[in-house]
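> Let me begin by handing over the structure; questions about it come next.
The values are calculated or read from the model by the stated rules, or taken from the named source; none is laboratory data. Note that the structure is predicted; figures quoted are calculated from it, not measured. Using ideal geometry, Cβ is built from the backbone for each residue, glycine included, and neighbour counts are taken over all protein chains shown. With ligands, DNA and RNA removed, areas are computed over all heavy atoms of the protein, side chains included. Shrake-Rupley method; radii C 1.70, N 1.55, O 1.52, S 1.80 Å.
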Amino acid sequence: MSSTLAVILTLIFIVIVATLVIKKYNPVFVFLVSGMLVLLGLSLATGTSVLGDKTTGSLVIDVFTFAVNTFKSKSSGIGMILMMVTGYAVYMSHIGASTKLAYLAMEPLKKIKNPYIILSVLFILGAFLKMVITSHVGLAMLLMAVAYPILIELGISKLSAACALVMSGFLDWGPNDSSAIFAAENVSQMPMMEYFIKYQAKHALILIAILAVFLPIFLSMADKRMAASKGKTTEEKKETKLEDVNCPTFYAVLPLVPLILITIFSFVPSVEVDVATGNFIGIIFVFAIELIRKKDRKATTHDFKVVLQAMGTSFVNVVSILIAAGVFAEAVTMLGGITIISNGLASVKSAKIITVALMSLITFLAGILLGSGNASWYAFGPLVPEVTSQMGVSAATIALPMQFAPAIGRCMSPVAGVVIAISGMIDVDSMDIVKRCAIPSIVMFICNILVSQFIV
């Protein structure tokens, strides 16, 4: 296949799929079927199996096997994380722990007159937690149980609260982040801690500070416009009072159990507790407390259905889309058009800021398209050494903003797991969340490029 044809077919494929999703066609059907059709067409046209050497012996069956393999990997990986975290969050709501936390937090928070200052504080907290909880979805789901009820009670709209939670994970940073490790050791050829301390930490802190100021201002204006369009005032929304629930005061700590476990064991090299395991431990721990506290133990055991039903709903509404999006992403990659475009941009010899902007734009757009920061960075990061060698600058010069860009783009991706998960949990259209996150994401992409000129 010629380069021109590959680029044209890639762009046509992307436009068709995006159009169908925007027109409200079922996204699982669109992503899965279109991805499989493209993979099948490529296999038959090239005579090459999508499974490589592990072919079943039939190019057609190989496409279906590939889809099944994607199903297995997604459901056992991020899918399991998402289902477990959702199960825990719903269970916390069921027993009143989330409401108790929100209720107790309201009194001191009410002393702050501007709720958007509280939103900014919670955003900063989430951004720093992203260093410990490297999964964007996992972080957002934990914040859903802790921060979301508080923001809603303060009168902040669903969309703005969701935007704050999504944007909390707008950077993939920290010594434990896989994309940061790849940027340091594979692309920049330096130890992770050197990359983090000398380059990444300073860059990230500046971006967090900028967004901590911009986000509350932007979301406040967005909520006022939305309230005005609906003929309601922000004050009218605040009249709803959060009622206390009949459970012990210490239950307010229970939504934080997985977060506490993950944070503590992140500093224990000999023990590893991931997001899914932390939430599973939390579920068992809370069930034990419930069995001890309640007299009707038989009825308490039936509450486990709440967790299982929440996990099942999460699979139907969220994980299925992630699986289909995985097939779609692979089809885009195999078409080759994006790689050809990126290679062309990488060969452009120009001022450093232009090259940084172009290279970062590649991963930013790929993050929007694929809904994954890691996938985009791993795909295009290896281009950096060749580009920087031509320019005579360090690899970190381009690697740092280029590594941050796809995570920023992921925040405004309709196929990103975090957007799909939050939209499903708060029952809003994922495209509405994308629209609310679009301006902050674009602003931060521009800031990412500008800040990089002073950091590296």
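Okay, residues lined up against (1) touching a residue at least 12 places away in the same chain (Cβ under 8 Å); (2) more than 24 Å from residue 337 (Cα to Cα); (3) surrounded by 17 or more Cβ atoms within 10 Å (Cβ to Cβ):
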| residue | (1), (2), (3) |
| --- | --- |
| 15 | no, no, no |
| 34 | yes, no, yes |
| 49 | yes, no, yes |
| 64 | yes, no, no |
| 68 | no, yes, no |
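> Can you tell me which residues in region 358-367 are modelled with pLDDT of 85 or more and surrounded by 24 or more Cβ atoms within 10 Å (Cβ to Cβ)?
360, 363, 364, 367
> Are any residues in region 113-134 under 14 Å from residue 162 (Cα atoms) and surrounded by fewer than 16 Cβ atoms within 10 Å (Cβ to Cβ), and if so, which ones?
Hits for region 113-134: nothing passes.
> What's the total number of residues in region 260-313 that are in a helix (DSSP H, G or I), among the charged types (D, E, K, R) and buried (at least 16 other Cβ atoms within 10 Å of the Cβ)? Spell out how you get there, then give the answer.
Initial filter on region 260-313 (in a helix (DSSP H, G or I)): 260-265, 275-293, 297-301, 304-313.
Next, from what is left, pick out any that are among the charged types (D, E, K, R): 290, 293, 297-298, 305.
Retained after the next criterion (residues that are buried (at least 16 other Cβ atoms within 10 Å of the Cβ)): 290.
The number of residues fulfilling the criteria is 1.
> To continue, here is another question. Select from region 352-382 the residues that are of a type in the set (S, T, N, Q) and more than 16 Å from the chain's Cα centre (by Cα) and write down the one among them that is farthest from residue 166 (Cα to Cα).
Here the residue is 355.
> Sticking with this one: Among what's in region 212-243 and is within 24 Å of residue 125 (Cβ to Cβ) and touching a Leu at 6+ places or on another chain (Cβ under 9 Å), pick the residue that is modelled with the lowest pLDDT.
For region 212-243, the residue satisfying everything is 238.
> Restricting to region 155-173, name every residue that is surrounded by fewer than 22 Cβ atoms within 10 Å (Cβ to Cβ) and either β-branched (Val, Ile, Thr) or not in a helix (DSSP H, G or I) (or both). Give the steps one after another, and end with the answer.
The first filter runs over region 155-173 and keeps only residues surrounded by fewer than 22 Cβ atoms within 10 Å (Cβ to Cβ), leaving 155, 157-159.
Answer for region 155-173, where residues must be surrounded by fewer than 22 Cβ atoms within 10 Å (Cβ to Cβ) and either β-branched (Val, Ile, Thr) or not in a helix (DSSP H, G or I) (or both): 155, 157.
> May I pose another question? Would you mind finding the one in 196, 218, 214 that is open to solvent by 10 Å² or more (accessible area, probe 1.4 Å), farther than 28 Å from residue 428 by Cα and either touching a His at 6+ places or on another chain (Cβ under 8 Å) or of a type in the set (A, V, I, L, M, F, W, C) (or both)?
None of the other options fit; the residue is 196.
> Could you say whether any residue in region 77-98 is assigned to a loop (DSSP other than H, G, I, E, B) and touching a helix residue (DSSP H, G or I) at 6+ places or on another chain (Cβ under 8 Å)? Quick ask: steps written out before the conclusion?
Step one: of region 77-98, the residues assigned to a loop (DSSP other than H, G, I, E, B) are 77, 95-96.
Of the ones still in play, those that are also touching a helix residue (DSSP H, G or I) at 6+ places or on another chain (Cβ under 8 Å) are 95-96.
Yes, because at least one residue in region 77-98 is assigned to a loop (DSSP other than H, G, I, E, B) and touching a helix residue (DSSP H, G or I) at 6+ places or on another chain (Cβ under 8 Å).
> Does residue 73 satisfy being closer than 26 Å to residue 370 by Cα and either touching a Lys or Arg at 6+ places or on another chain (Cβ under 8 Å) or part of a loop (DSSP other than H, G, I, E, B) (or both)?
Numbers: closer than 26 Å to residue 370 by Cα: yes; either touching a Lys or Arg at 6+ places or on another chain (Cβ under 8 Å) or part of a loop (DSSP other than H, G, I, E, B) (or both): no.
Here the answer is no, as residue 73 does not meet what is asked.
> Among the residues of region 261-281, are any at pLDDT 85 or above and of a type in the set (A, V, I, L, M, F, W, C)?
Checked region 261-281: at least one residue is at pLDDT 85 or above and of a type in the set (A, V, I, L, M, F, W, C).
> State which residue is farthest from the chain's Cα centre (by Cα) when the search covers only region 21-68 and only residues that are outside any helix (DSSP H, G or I) and closer than 15 Å to residue 325 by Cα. Can you show your working first?
Taking region 21-68 as the starting set, the residues that turn out to be outside any helix (DSSP H, G or I) are 23-26, 47-51, 55-58.
Filter again for closer than 15 Å to residue 325 by Cα, leaving 25-26.
Working: 25: 23, 26: 21 Å.
In this case the residue turns out to be 25.
> Scan (1) closer than 30 Å to residue 203 by Cβ; (2) in contact with a Gly (Cβ under 7 Å, 6 or more places away or on another chain); (3) not small (Gly, Ala, Ser) for the single condition residue 123 breaks and write down its number.
(2)
> List the number of the failed condition for residue 39; all other conditions in (1) in contact with an Asp or Glu (Cβ under 8 Å, 6 or more places away or on another chain); (2) more than 19 Å from residue 340 (Cα to Cα) hold.
Status for residue 39: all satisfied but (2).
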